[in-house]
Every structure is written in C-alpha cells, then in structure tokens.
1. Please compute the length gained on full extension between residue 38 and residue 133, using 0.36 nm multiplied by the number of residues separating them and subtracting their Cα-Cα distance.
2. Using alpha-carbon positions, what is the distance between the centroids of region 39-75 and region 220-270, in Å?
3. What distance in nm separates the two pseudo spin-label positions at residue 102 and residue 285, each 7 Å out from Cα along the beta-carbon direction?
4. Go through 67-78, 97-108 and give me the packing order, highest mean Cβ count within 10 Å leading.
5. How many percent of all Cα-Cα pairs in region 199-312 sit more than 20 Å apart?
6. Residue separation times 0.36 nm, minus the C-alpha to C-alpha distance between residue 55 and residue 312: what's the value?
7. Beyond 15 Å, what share of the Cα-Cα pairs of region 266-350 is found? Please give it as a whole percent.
8. Most exposed first by the Cβ proxy, i.e. fewest other Cβ within 10 Å, how do 147, 237, 170 rank?
C-alpha cells in the first residue's frame, strides 16, 4: 500500500492476487474510454491489463494490488471475500411493497452501466418545441442521476458496514450511501470551496474513463441539470451522521421554464447554476432577500449580492428597498416571457399550433449563437454512449419521476 495515502482505503488490507481480477472488466474500461471520446483519456484504451492497472495507480509494477483494483476490476466472489462491506441495492417500491429488490457485489464500472441502463428504461420524456428545435424534457435528469450515483460509488467509506441504495419510490429517486460518523459533511451544504476526494483513485479512474469530472462540483452540476429541465433540485436534508442521502424529487417538470431555458441557450445566453437557483426560487416565492439568496446558494451575502446584481444587469430581476432591506423579484418582462412560454407549451400539449411566441426579451449576443441542444446539453441523445449497457427493459410510459 502506498505511503502517505489519506483516503479510507488505507484501513483496508488487499491480500488480493491477479487472478481475483476479471479480464472482462478491463475490456469494459477500454470500451468506456472509446465510447466517451474526448471526455476520457484515450491513451488508456491501448494498454494491456497490467499496464492499465499500473497507470490507474491501483497496482504496482511488481504486481501488488490495492483495494481499489478489486473495486474497479474484481470478480464478484473476490470482492465479497476481500471487501465484504461493498454492496449496492436497486429497489423499486410501490408503497411498502418492493417490486424490484436486487443486490449486487459487482465492480464499480459494471454497476454504473447497469444502474444507468435501468434508469434510462424507467425514465420517460416529454417533447417541448422552441421554434424549429424539439427538445426532450425527461422526468429526471440523466446527468444529475449520473453525478449523484458517481458520488455514492466513489466517495463512500468502504470500511463502514452498509449498502448503497438506489431506490425508486413515490417521492422520486433516492440514492444513499454509508458514511463515517463525524467525518463526512452533508452534501449540498457548501457548493463552493476546495473539493475533497474521499477515495481519490476511484474518482480519478471514473474521470479518466470519461464517466465523471474530477472538479468537486458534482452536486452543483446535478442541481443545475435538474433546474434547467424545469425539475426540482436534488434534496439532501434526509442525510444523517451515518448516511449521505440524495433525493431526486419525482415532481412533474415545469415545461414552460424548461422551454424558457432552451430559448436563452438558443440565443447564446445560458443560465448558470446559481442563476437557475435564484430564478426558480423567485418563480415560487416571488420575492427574495439577500440573506435568503445567500442561504439558498450556500454562500456568503457578498457573493449572493454579486450574483443578484448580475441578474439585475441582465434584465432578469429588479430590486426594491435600500441596502438594509433589499428585496429582489423577477422583472415584468421575464414574467411575460414565462407566461408566453407556458401558453406555447399548452398549445403543443393540446395539439394546437398557435402563433409563434417571441424569444426572451434580452439582447442577442454579438457572436454567433451556438447550436441549441436543449436542457440536456450536446450529449443528450447519446447520454453516456455506453453500448449494450444492462438488460433490455421496456421503456416507461408516463412522464414522472415515480416508478
């Protein structure tokens, strides 16, 4: 084991030998790298198995294996013997009845493919049109699910008993993983500051495979991806000292807001995570104080005030009161744009074409606008682009985050 390691794996002895690793899992990694394109480290696809393990830092040149080698490439029976606390459950609940209740002791890349395939099979979409652009709005953002799943698999404490649960319920999708008492901070409580990787070799392997980015901003991206689809942001208030619990709410999407976001992206004026959080809050609350905005963004008042002034300069919010009691609200123009977007969506859903609605009343950029890909971004149709990922399951029939 390497000297100076600061992650949870320092407490785990490996004792594994090369025969405990599955050659098919190395091939899976190479396939992930090839499918992920520029998001992955392409040179890794050409390495032999032992060279690949050494390049990822999970094996020494002499053949000694770290526990991460088992988690990434191990045979299930070897994982159960050497890492007995590694277990993942996928459940679908109808009330108190489990319609699906599957448990896995698989390596992490295989688990990620399987769970993503099941997510895709259970997630319906609705089409929203802006001018000539047709956008699929999902019942739950795939990128948000991927970010939270990656966090659960790569940041959990593998020295603590417990199971990673991915659970579809009546209130949405819950992803929970065991945590060490008094060590793991609750996610979502701080969206700024320096990131800390609990298991850096696992996080780095997912990054180099093109599955995730090692920026420490996974929760922020999950929030942004949910909001720009008109969906509720992930919630973390169920987390405890012994479990990190993220909920992707199963509320129906706000199609009018999703279309409004598409329109701004079509004009080259995309909204960032903090802007989406504030605009969504103002739609529901109508007014915000600076302190409330700071609490929402989990930042200090000066940063929240700077973000609000950015929205003010963009013509999206207006302010009333003095510096001691400022309140912020949406401008009349933004409210008109949202009403027009809602009317257009209603016409689409009822089969009426209706008159063309104007784009948001904000100045067009001087540079050419990028091609619109909709809220899901340029990789929406391909997702992870993982071929043959998991079983062939029937697609969901209704647009809801519930099973």
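Where a number appears in this text, it was derived from the coordinates with a stated rule and is not lab data. This one's a predicted model, so the numbers in the text were calculated from it and none came from an experiment. Quick reminder, even Gly has a Cβ in these numbers, built from the backbone with ideal geometry, and neighbours come from all protein chains shown.
1. Roughly 31.6 nm would be gained on extension.
2. Using only Cα atoms, the two centres lie 35 Å from each other.
3. Between residue 102 and residue 285, the label points sit 4.1 nm apart.
4. So the order, starting with the most tightly packed, is 67-78, 97-108.
5. 53
6. Result: 87.7 nm gained on full extension.
7. Here the tail beyond 15 Å accounts for 60 percent of pairs.
8. Going from least to most buried by this count: 237, 170, 147.
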